[in-house]
Amino acid sequence: MGSADVWVAKDDGTEIIRAREIAAVSLDYDGNITARLAGGEAVLVTLVGGRTHHDEHRPSDFHRELLRVVAQLSDSSGAHLVLPVHDESRGWVWVSQPL
């Protein structure tokens with residue numbers, strides 16, 4: 001394996017996708033963070049639902065923060081899981097964990 005194996009989980013942990021399969025990430029008006037997967041069919045995965053966790057506001061660049069975390073981890077060794085977490089003091093953040 002030439003680079004790190006990075007995976008991204010949904011906020012509730014029900015789906016985990018390989019980061020290198022993500023073709024695009026978007027933040028819609030309802031606060032959903034959605035990943036479009038590369039490949040023949042247009043597969044969308046909602047990583048963070050807009051109305052979960054008591055309607056806490058997500059940063060307007062939360063989808064870009066995911067890209068930053070994945071890019072940083074791509075240069076590291078080993079496998080990592082990235083997941084969105086709501087912290088009472090910091091709000092929404094992307095957290096990485098080694099696998």
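The values are calculated or read from the model by the stated rules, or taken from the named source; none is laboratory data. Bear in mind the structure is a predicted one, so any value in this text is a computation, not a measurement. Reconstructed Cβ throughout: ideal geometry from the backbone, glycine too, with neighbour counts over all protein chains shown. Side chains are part of the model used for accessible areas, which takes the heavy atoms of the whole protein and leaves out ligands, DNA and RNA. Shrake-Rupley method; radii C 1.70, N 1.55, O 1.52, S 1.80 Å.
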> Under a point spin-label approximation (7 Å from Cα along Cα-to-Cβ), what is the VAL95-ARG68 distance to one decimal in nm?
Replying inline: 1.9
> Given the Cα-Cα distance of ASP75 and ASP12 and 0.36 nm per residue of separation, how much length would full extension add, in nm?
Replying inline: 20.0 nm
> How far apart, in nm, are two points set 7 Å out from the Cα along the Cα-to-Cβ line at GLU88 and at ARG36?
Replying inline: 4.0
> When the helix-only estimate is applied to the chain (DSSP H runs of n ≥ 4, each -39,500 (n - 2.57), divided by the residue count), what is the mean residue ellipticity at 222 nm, nearest 500 deg cm²/dmol?
Replying inline: -4000 deg cm²/dmol
> Could you give the semi-axes, largest first, of the ellipsoid that matches the chain, computed as the square roots of 5 times the alpha carbon gyration tensor eigenvalues and rounded to whole Å?
Replying inline: 22, 17, 11
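If you roll a 1.4 Å probe over the heavy atoms of the protein chains, what accessible area per residue do you get for the chain, in Å²?
Details: 6070 Å² over 99 residues.
Per residue, the chain has an accessible area of 61 Å².
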> What ranking of GLU15, GLU65, GLU41 comes out by heavy-atom accessible area, probe 1.4 Å, highest first?
Replying inline: GLU41, GLU15, GLU65
> Taking the DSSP beta bridges in the chain as the whole, what percent of them are antiparallel, to the nearest 5?
Replying inline: 85
> Given DSSP loops and a limit of at most 14 other Cβ atoms within 10 Å, what is the longest stretch of the chain that contains no such trypsin sites (Lys or Arg not before Pro)?
Replying inline: 1-50
